[in-house]
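Just below is one structure, and these are the notes that go with it.
The values are calculated or read from the model by the stated rules, or taken from the named source; none is laboratory data. Model, not experiment: these values are computed from the prediction. Because the Cβ atoms are built from the backbone with ideal geometry, glycine has one as well, and the counts that use them run over all protein chains shown.
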Amino acid sequence: MPTDIPNRRILVVDDNLTIHSDFRRIFQPESEPKELAEARVALFGEAPSIDPHEPFEVDCADQGRTALALVEAADKIGRPYAVAFVDMRMPPGWDGLETIEHLWKVDSTLQVVVCSAYSDQPWEEIRDRIGRTDKLLILQKPFNSIEVLQQATALCRKWDLANKAVGRLNELSHLVDERTVELQHANRQLTEMNGALMRTVADLEAAQAEILRQNGELERLASRDPLTGCLNRRAFYTLFEKAFAESRDQGSELCCLMVDIDHFKRVNDRYGHAVGDQAIQAVAHCLHAGLRLADMVGRYGGEEFSLMFPRTTLAEASELAERLRIRIGAEAGGRVRMADGLVLTVSIGVSAITFGAHTPLELIDQADKALYAAKEGGRNCVMAMDLLVPGLNPAEQLELQVRRITPRSSSSIAR
């Protein structure tokens, strides 16, 4: 039933049809002329009929089963009764309490007034059977019209308030359900967006990692000689400048080696440039294999390599250079697959920062002079710069001399 329409439907359940008429007169009184009402008061002192001010719709039943059928029918069409006035004794059928129990099973919101005489069941028995409830009132017989009308009016309004409360709760529940659906939908959208965002972040991270990898690869390609994998001349010199500055600032040792493949033009002329490239690769491999982690090797140009040994004395660098020369002579030729029996040797020049070089190029030039001396000295050997006057400060000496590191018997193969 709509919550904005007052419910004034009354059900009277009593086996006495006269009682039905009494209730109808109370709830649906016939209006009498004003003059007659005033005469009644003047003659008998009787108050005029009560005007209920609100129209009541009254249905009557003489037995409990009939009342149940009316309540069921009203419930089906959506026009329930607000109040039922139920007589306690209605032989031969259900008594009032049993009737109430059946009515409440169909309509639990029905307000009930029990019409009872003093000789009927006491209140304790009614309470024990019906239970504690605020939907049940007692109307003692005999009753007067004002009391009946007041109870009916109050209980109908109580039913209206309860119905409005239920309607409001249903409305709120519906709003909550709608809002819940909206929030669930929004939550699903946020979850999907969050998943898409996480996938995007993962894709971006993967793309960033790939960019870093490619940048690293590009940087490696830009700094490496494509034939040998050694540092190219520009990259080697950049790192050599940094190591030279650190050596001077910290007063640490720094040595430079210049390495040249002996008689490389003969290899190219005899076997061709493909074999010449393999020879360069073989020598580069031996140089890399013989270096320490801090050492660096770069292809300086053609068949010439430059090596840098940080924190290494001239004696240590000379010894490392000699080991590299021996390794190349023993292994490099065998790595050239297209020229069986090829023997490759190198000449090496060594210099150190302790000889007073002021720039990296000056240190490289000193090592190159030692390399030239090694070539002039028969190739396949190591030559190192040395002081012309031992014990004298290098800055006070106008020239340096070159000292042979390789024993002469070891270089006879190259001649």
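Taking the range 224-259 as the region of interest, how many residues are under 20 Å from A282 (Cα atoms) and touching a helix residue (DSSP H, G or I) at 6+ places or on another chain (Cβ under 9 Å)?
Total satisfying the criteria: 12.
Tell me, which residue of the range 5-21 that is without any contact (Cβ under 8 Å) to a residue 12 or more places away in the chain and of a type outside the set (A, V, I, L, M, F, W, C) is surrounded by the most Cβ atoms within 10 Å (Cβ to Cβ)?
Of all residues in the range 5-21, those without any contact (Cβ under 8 Å) to a residue 12 or more places away in the chain come to 5, 18, 21.
Cutting the leftovers down to of a type outside the set (A, V, I, L, M, F, W, C) gives us 18, 21.
Numbers: T18: 7, S21: 12.
The qualifying residue surrounded by the most Cβ atoms within 10 Å (Cβ to Cβ) is S21.
Pairs under 8 Å by beta carbon, first residue in the same structural domain as D277 (by TED's automatic domain parsing) and in contact (Cβ under 8 Å) with a residue 24 or more places away in the chain in the range 213-227, partner of a type in the set (A, V, I, L, M, F, W, C) and surrounded by 10 or more Cβ atoms within 10 Å (Cβ to Cβ), six or more apart or different chains?
From the range 213-227, no pairs qualify.
Can you pull out the residues in the range 301-325 that are within 52 Å of the chain's Cα centre (by Cα) and either among the aromatic types (F, W, Y) or within 21 Å of N380 (Cβ to Cβ) (or both)?
Applying the first criterion (within 52 Å of the chain's Cα centre (by Cα)) to the range 301-325 yields 307-311.
Within the range 301-325, L307, F309 meet the criteria.
Give me the residue from the range 91-103 that is out of contact with any helix residue (DSSP H, G or I) (no Cβ under 6 Å at 6 or more places or on another chain) and touching a residue at least 24 places away in the same chain (Cβ under 8 Å) and, out of that set, surrounded by the fewest Cβ atoms within 10 Å (Cβ to Cβ).
Checked the range 91-103; the qualifying residue surrounded by the fewest Cβ atoms within 10 Å (Cβ to Cβ) is P91.
When the range 229-281 is examined, which residues are found to be surrounded by 20 or more Cβ atoms within 10 Å (Cβ to Cβ) and free of Cβ contacts under 8 Å to residues at least 60 places away in the same chain?
Hits for the range 229-281 are G276, I280.
Failed condition for R299, given (1) part of a helix (DSSP H, G or I); (2) in contact (Cβ under 8 Å) with a residue 40 or more places away in the chain, with all others met?
Result: R299 fails condition (1) only.
Pull up the range 124-156, narrow it to residues that are part of a helix (DSSP H, G or I) and without any contact (Cβ under 8 Å) to a residue 12 or more places away in the chain, then point me to the one that is nearest to D14 (Cα to Cα).
Per the stated criteria, the residue is E147.
Is the range 278-285 home to any residue that is touching a strand residue (DSSP E or B) at 6+ places or on another chain (Cβ under 9 Å) and modelled with pLDDT under 95?
The answer is no; no qualifying residue exists.
I'd like to check something: does the range 203-212 contain any residue that is touching a residue at least 40 places away in the same chain (Cβ under 8 Å) and either over 30 Å from Q281 (Cβ atoms) or of a type in the set (V, I, T) (or both)?
Residues of the range 203-212 touching a residue at least 40 places away in the same chain (Cβ under 8 Å): none.
Checked against the condition, which is being touching a residue at least 40 places away in the same chain (Cβ under 8 Å) and either over 30 Å from Q281 (Cβ atoms) or of a type in the set (V, I, T) (or both), the range 203-212 yields no hits at all.
Can we say L307 is outside any helix (DSSP H, G or I), among the aliphatic types (A, V, I, L, M) and without any contact (Cβ under 8 Å) to a residue 60 or more places away in the chain?
Judged against the criteria, L307 is a match.
Regarding A370, is this residue over 60 Å from the mean Cα position of the chain (by Cα), surrounded by 15 or more Cβ atoms within 10 Å (Cβ to Cβ) and in the same structural domain as P407 (by TED's automatic domain parsing)?
So A370 fits the description; yes.
Each row is one residue, and each column tells you yes or no for (1) charged (D, E, K, R); (2) within 30 Å of R337 (Cα to Cα); (3) touching a Cys at 6+ places or on another chain (Cβ under 7 Å).
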site: Q208; (1), (2), (3): no, no, no
site: R248; (1), (2), (3): yes, no, no
site: L254; (1), (2), (3): no, no, no
site: H263; (1), (2), (3): no, yes, no
site: G272; (1), (2), (3): no, yes, no
site: D277; (1), (2), (3): yes, yes, no
site: Y300; (1), (2), (3): no, yes, no
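More than 24 Å from Q150 (Cβ to Cβ), among the hydrophobic types (A, V, I, L, M, F, W, C) and either in the same structural domain as C156 (by TED's automatic domain parsing) or modelled with pLDDT of 95 or more (or both): is that true of W94 in this structure? Before the answer, list the steps.
Working: more than 24 Å from Q150 (Cβ to Cβ): yes; among the hydrophobic types (A, V, I, L, M, F, W, C): yes; either in the same structural domain as C156 (by TED's automatic domain parsing) or modelled with pLDDT of 95 or more (or both): yes.
Taking the combined requirement at face value, the residue satisfies it.
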